Amino acid sequence: MEINVLIGGAAGQGMETIMNLLGKALVREDFGLIYTKDYMSRVRGGHNFSRLRIAPGQPWTTVESIDVLVALNEETYRKHSQNLVPSGRVIYDPELFSLPGDESRGVPVELKKLAEEAGGRVMANTVAVGALLVLMGLETSTVEELLKDTFAGKEGVAEKNIKALKAGYDSAARTCSACFELPAKNQDGKKLFIDGNQVVGMAALASGCRFLSAYPMTPATGIMNYLASKSPDYPVIVEQAEDEIAAINMALGAAYAGVRAMTCTSGGGFSLMAEGVSLAGMTETPLVIVVGMRPGPATGLPTRTEQADLEFILHSGHGEFPRAVLSATSHDDAFYRLNKAFELADRYQTPVFFLTDQNFADTHRSVGLYDFSRLGYNRFLAAESNFEKPYKRYRITESGISPRILPGQYEGETVLIDSDEHDEKGNIIEDASTRRTMVDKRMRKLNGMAEEMDEPDLYGDPHPEVLLIGWGSTYGVIREAVDALIARGIKSAMLHFSDLWPLPQKRLHSLLAEVKHSFCIENNAGGQLSKLIRRESGLSINSNILKYDGRPFLPDEIVKEVQNDL
Amino acid sequence: MTCKAEDYMTGETAWCPGCGNYDIREALAGALAELGLPPHQVLLVSGIGQAAKIPHYIKANGFNGLHGRALPPAVGAKVANKDLTVIVESGDGDSYGEGGNHFMHNIRRNPDLAHLVHDNQVYGLTKGQASPTSEPGMKTGVQVEGVTVPALNPLSLALVMGAGFVARCFSGEKDHLKATMKAAINFPGYALVDILQPCVSFNKVNTHGWYKNRVYFPEVEAPQDWAKAMDLSRQWGDQIPLGIFYNKPHQTFGESRAVLKGEPLSNRPFNPEELSSLQNDFL
Ligand SMILES: Cc1ncc(C[n+]2csc(CCOP(=O)(O)OP(=O)(O)O)c2C)c(N)n1
Ligand code: SF4
Ligand SMILES: [Mg+2]
């Protein structure tokens, strides 16, 4: 049993706040859920909607079919009613529009009027949530509790919302009762209700990140918001830079001087950072760069999702230098993986990328508590007995990693880093032999980094005939597609990459030799991972399933495409 | 540990004989020695250009970054470790051209650092193109009909943006330069010293003699009169005033952030496990 809800209206109708509260309330009551947003790049008007799926366990993705459609305006009804299941219900305001021929599925609630009576029109969606609770057979108490917590200190706001909530509840309760069966509650302990940007922000803070310099850009801005909200209670400084060039260069200065530092942006802002990435590579300065992808080129679709910057990130920055590229696959994994990014950056003294996208960043999920004791805070600095004096920042070593100390750390020792090619001390050089030695030293670090990459996650049939390959935020949707294919008797599995560079290849070699048909599933038009795999391993994948309309995949779409191709 | 000026001089310079950069380097070494700042507590941050090579020639920590991007890493480094004395030293092209946006916004931000600009009114390293401060009419290989746009006035701009410390020096007046550098380094907040510097190879207009004949030291008692400072900053031509035109501290970036009070961020211990209560927000 599961319930799929779609709530839609115009931007500026305050949907987000109340839906966040509802989601949290349901998670508090031990339901597993996922909550995704589809919104336009505007502050008022237009058509925005969210999907909420409550399903057994912890659902991975939302689906197209709708059980309850909460239509705050007529457009929502017109656009989405075709996906309403036959037994579905529509919560709507009969003062605003009617449902000719579809009255039997309607749950009319005077959203506007009841909201006004409670204290303001903006609470129409709170009224709607009250009605929604009736259909799901739930009481209002948990949402009430959360309203009180959330608006504590804001005189009257909680009270008004509670009034609106109850009015919606009572109104719906008069005409109908629970018409959907909720899935069984989870019994495996407390869960968080958290979105991707919050996961990244919390992981950064808990990894000891002390400095975030960034320039706002959707969908990465939530990371800035999270970390800023934790300062000054926690030792982190968030600085809104004058531009992305400043953002990355500031972060590099902070990293050089001794703190874990990070910057975050989306593709357009990252374009401005390219020279700074190269500087991190040349100066061997640890830095974590989070790129929240959205569709390009240029401004593209600012609030939508895409995975089209993998090639760009792999090649960004002029010259040759080692880097690592990791990606956010699920809310569960991303927390630890961002920590890994910090650890790699410090260990290999190099830029490390963490790729997310709008689909991950803006999606809330119920996830189990994180184990903070699994996080590393190893700065990999040289002990005083471990470096030769006078100190040389770029001492040649077998691993390519030079012992690192911080400026000001030891009396009499200075630390010089340089964007020009340099000698071991950090001084500018131009001779051919030092140049070769230094390039080799830097590139040697890739050997160690390659050892640290996790093989892609394998899920599904242990002896698959069909293999679905993906990376990043498609983890959940491909996983559900595999479940559906297996249910249809197709022996299939998912091979999903979180660490992308240096590309881990062992499982690729063993699995691609075995399977009958392989698919690479990506939110881009070029099949970028597919090409990368071919370039690095010489292996080819049979088909690509690509989606580049700015929307995330749905499991059914993948299943259909796979079946068409077999 | 006390250091003499010579102790700060290191490396083999790659500047042309007779270049004003030598005097600036000596003045800086002298200033650091007189301030009693040991090299490991000083951080020199520069961009790219002839002037920006200075971290290789002064014994201190050094961050020789990208062209135009000296200020941002300096700000980041100061946030990370406020115990470092941070000095940004770069050219006029680097500071006012490529890095113009950072120049403007860091005056607003007011980090506690000294910004020493070697203003030779030309792009030295790339062989003589116009810089933002080049005199109108100056002909170069690129500006073949002469510079046609007015020069940027860094001191006026800094004053308008609200800088707390604004000074002009000339590399040929080394003692004055050294004293001004010391004041700038000691100043709490962003301190701009625009240093007129002859480029013997590429600037045939503003030569050593040209500056020498024009510079003078006006009487400025307590440089806290903004309008007067603005006046001085705008004097150019036959008479070019030198000195600290404005010196009035206000809240620095560091002072404005509660997190930065106490131990430098880079020294604070950390254990991720202690942060697991962060999850309560999401329960
Ligand atoms: C991004 C970038 N653009 C251009 C250059 C080439 N470049 C190096 S130094 C310089 C100008 C230097 O002028 P200035 O800052 O006045 O320093 P000077 O050499 O005069 O001391 C230029 C254009 C560069 N290194 N990086
Ligand atoms: S080119 Fe000009 S600024 Fe550069 S070293 Fe020579 S004289 Fe000095
Ligand atoms: Mg110059």
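The values are calculated or read from the model by the stated rules, or taken from the named source; none is laboratory data. Keep in mind that this is a model prediction, so the values were computed, not measured. Here the Cβ positions follow ideal geometry from the backbone for every residue, glycine too, while neighbour counts run over all protein chains shown. For accessibility, only protein heavy atoms count, side chains too; no ligands or nucleic acids. Shrake-Rupley method; radii C 1.70, N 1.55, O 1.52, S 1.80 Å.
Just one of (1) part of a helix (DSSP H, G or I); (2) outside the structural domain of A:H496 (by TED's automatic domain parsing); (3) out of contact with any Ser or Thr (no Cβ under 8 Å at 6 or more places or on another chain); (4) open to solvent by less than 10 Å² (accessible area, probe 1.4 Å) fails for A:G426. It is (1). Test of understanding: among A:D333, A:D357, which residue is under 20 Å from A:V27 (Cα atoms) and not assigned by TED's automatic domain parsing to the domain that holds A:Y35? Every option except A:D333 fails the conditions.
Can you say whether A:G296 is over 23 Å from B:N81 (Cβ atoms) and not assigned by TED's automatic domain parsing to the domain that holds A:V439, as far as the supplied structure shows? First the steps, then the outcome.
On the way: over 23 Å from B:N81 (Cβ atoms): yes; not assigned by TED's automatic domain parsing to the domain that holds A:V439: yes.
Judged against the criteria, A:G296 is a match.
Only one of the listed residues (A:L381, A:L375, A:L406) is surrounded by 17 or more Cβ atoms within 10 Å (Cβ to Cβ), within 14 Å of chain B (Cβ to nearest Cβ) and under 18 Å from A:L252 (Cα atoms). That residue is A:L406.
Check whether at least one residue in segment B:42-51 is over 22 Å from A:A257 (Cβ atoms), in contact with an Asp or Glu (Cβ under 6 Å, 6 or more places away or on another chain) and either more than 16 Å from ligand 3 (Cβ to nearest atom) or touching a residue at least 24 places away in the same chain (Cβ under 8 Å) (or both), and report yes or no. Among the residues of segment B:42-51, at least one is over 22 Å from A:A257 (Cβ atoms), in contact with an Asp or Glu (Cβ under 6 Å, 6 or more places away or on another chain) and either more than 16 Å from ligand 3 (Cβ to nearest atom) or touching a residue at least 24 places away in the same chain (Cβ under 8 Å) (or both), which makes the answer yes. Scan segment B:87-107 for residues that are within 9 Å of chain A (Cβ to nearest Cβ) and touching a Phe, Trp or Tyr at 6+ places or on another chain (Cβ under 9 Å) and the total you get is 1.
For segment A:348-357, does any single residue satisfy the condition of being under 23 Å from A:A450 (Cβ atoms), open to solvent by less than 20 Å² (accessible area, probe 1.4 Å) and part of a loop (DSSP other than H, G, I, E, B)? Yes, the conditions are met somewhere in segment A:348-357. Select from segment B:248-262 the residues that are open to solvent by less than 50 Å² (accessible area, probe 1.4 Å) and either in contact with a strand residue (DSSP E or B) (Cβ under 6 Å, 6 or more places away or on another chain) or of a type in the set (S, T, N, Q) (or both) and list them in ascending order. Scanning segment B:248-262 gives B:T252, B:V259. When segment A:266-299 is filtered for residues that are on the phi > 0 side of the Ramachandran plot and touching a residue at least 40 places away in the same chain (Cβ under 8 Å), only A:E284 remains.
Residues of segment B:254-270 that are more than 7 Å from chain A (Cβ to nearest Cβ) and farther than 18 Å from A:Y256 by Cβ: B:E255, B:S256, B:K261, B:G262, B:E263, B:P269.
Can you say whether B:A158 is under 29 Å from A:L272 (Cα atoms) and away from ligand 1 (no atom under 16 Å from the Cβ), as far as the supplied structure shows? Break it down stepwise before answering.
On the way: under 29 Å from A:L272 (Cα atoms): yes; away from ligand 1 (no atom under 16 Å from the Cβ): yes.
Taking the combined requirement at face value, the residue satisfies it.
Do the conditions hold for A:T397, that is, is it within 14 Å of another protein chain (Cβ to nearest Cβ) and in contact (Cβ under 8 Å) with a residue 12 or more places away in the chain? Taking the combined requirement at face value, the residue does not satisfy it. Residues that are within 17 Å of B:H102 (Cβ to Cβ) and within 23 Å of the chain's Cα centre (by Cα) within segment A:212-242 comprise A:S213, A:A214, A:Y215, A:E239, A:Q240, A:A241, listed in sequence order. Annotation: of all residues in segment B:35-52 being buried (at least 23 other Cβ atoms within 10 Å of the Cβ) and assigned to a loop (DSSP other than H, G, I, E, B), the one that is nearest to the other protein chains (Cβ to nearest Cβ) is B:I48.
Cβ-Cβ contacts under 6 Å between residues 6 or more apart (or on different chains), taken from a first residue in segment B:57-81 that is more than 7 Å from chain A (Cβ to nearest Cβ) to a second residue that is open to solvent by 10 Å² or more (accessible area, probe 1.4 Å), are listed as B:Y57/B:G11; B:Y57/B:T13; B:Y57/B:R25; B:H67/B:I48; B:H67/B:E98; B:G68/B:E98. Looking at segment B:159-203, which of its residues are of a type in the set (F, W, Y) and either within 16 Å of ligand 2 (Cβ to nearest atom) or surrounded by fewer than 24 Cβ atoms within 10 Å (Cβ to Cβ) (or both)? Within segment B:159-203, B:F170, B:F187, B:F202 qualify.
Please report, ordered by residue number, the helices (runs of 4 or more DSSP H) entirely within segment B:173-245 with at least 3 residues that are farther than 23 Å from B:N106 by Cα.
Those helices (runs of 4 or more DSSP H) span B:174-186, B:208-212.
Residue count for segment B:161-172 under the criterion of being part of a loop (DSSP other than H, G, I, E, B), in contact with a helix residue (DSSP H, G or I) (Cβ under 7 Å, 6 or more places away or on another chain) and more than 22 Å from B:G30 (Cα to Cα): the result is 2.
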